Amino acid sequence: MTAGDVAEVAALERLCFEDPWSPASFAAEVKPSHFGWPRILRVGGRLAGYLIAWFVEDEAHLANIAVAPWARGRGYAQRMLDHLRREAYLRGCRIIALEVRSSNRVAVRLYEKNGFLSCGTRRDYYSRPREDALMMVLPLGLQENEE
Ligand SMILES: CC(C)(COP(=O)(O)OP(=O)(O)OC[C@H]1O[C@@H](n2cnc3c(N)ncnc32)[C@H](O)[C@@H]1OP(=O)(O)O)[C@@H](O)C(=O)NCCC(=O)NCCS
């Protein structure tokens, strides 16, 4: 993701979330000094999805992931997660952590399928609408060593 992608990504974010990140939040992610890892996935030139991860010490945090409605169910989120998992492993991370709305069954299923474990809740973490976050963690190392 570059500065030139920000407006398009923010528009897709508004389609995908009730409480979207602002364009300014995405703009901050593409600054070179930032510890973030912003990626986009294009299919035939069209923006199909994006992922933002933060690398801090030996942890990766999946801060945002979304796939455009027209592109869902084709394995694109899986592909982006695989990419993150490999990058996190190569950077020496021990875990990938994330928060997800407790009602977001599709996302929770995606994470569980990838070996993420629930490790607690953050009460009222989200607003618009207010909702608890489920905290999930994926330990790294075992599967990556086999690849
Ligand atoms: C969650 C999201 C990123 C999934 O993207 P996607 O590209 O459609 O997902 P994939 O095609 O890669 O599917 C991977 C796995 O996710 C799960 N999944 C995806 N769509 C699903 C659905 N409609 N119902 C149940 N599980 C689903 C399945 O486990 C699937 O694996 P399978 O196909 O082997 O069953 C997408 O639905 C989205 O952008 N949602 C809105 C934004 C969002 O909620 N982001 C997550 C915030 S924490």
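The values are calculated or read from the model by the stated rules, or taken from the named source; none is laboratory data. Values in this document were obtained by computation on a predicted structure and should not be read as measured data. Positions of Cβ are generated from backbone atoms using ideal geometry, with glycine treated the same way; all protein chains shown enter the neighbour counts.
Taking the numbered list (1) within 9 Å of the ligand (Cβ to nearest atom); (2) in contact with a Cys (Cβ under 7 Å, 6 or more places away or on another chain) in turn, Asp58 passes all entries but (1). Pairing residues of the stretch 14-31 that are in contact (Cβ under 8 Å) with a residue 12 or more places away in the chain and closer than 13 Å to Asn64 by Cα with residues that are acidic (Asp, Glu) and within 11 Å of the ligand (Cβ to nearest atom), at Cβ distances under 8 Å and at least 6 apart in sequence or on separate chains, gives Trp21/Glu13; Phe26/Glu13.
Checking the conditions here, which among Ala71, Ala88 is out of contact with any Gly (no Cβ under 8 Å at 6 or more places or on another chain), surrounded by 15 or more Cβ atoms within 10 Å (Cβ to Cβ) and farther than 25 Å from Glu131 by Cα?
Of Ala71, Ala88, the one residue that is out of contact with any Gly (no Cβ under 8 Å at 6 or more places or on another chain), surrounded by 15 or more Cβ atoms within 10 Å (Cβ to Cβ) and farther than 25 Å from Glu131 by Cα is Ala88.
Residues considered: Arg79, Arg123. Of these, the only one that is within 12 Å of the ligand (Cβ to nearest atom) and at pLDDT 95 or above is Arg79. Of all the residues in the stretch 7-24, those that are under 10 Å from Ile40 (Cβ atoms) and either of a type in the set (Ser, Thr, Tyr) or away from the ligand (no atom under 11 Å from the Cβ) (or both) number 2. Scanning the stretch 27-35 finds one or more residues that are out of contact with any His (no Cβ under 6 Å at 6 or more places or on another chain) and surrounded by 19 or more Cβ atoms within 10 Å (Cβ to Cβ).
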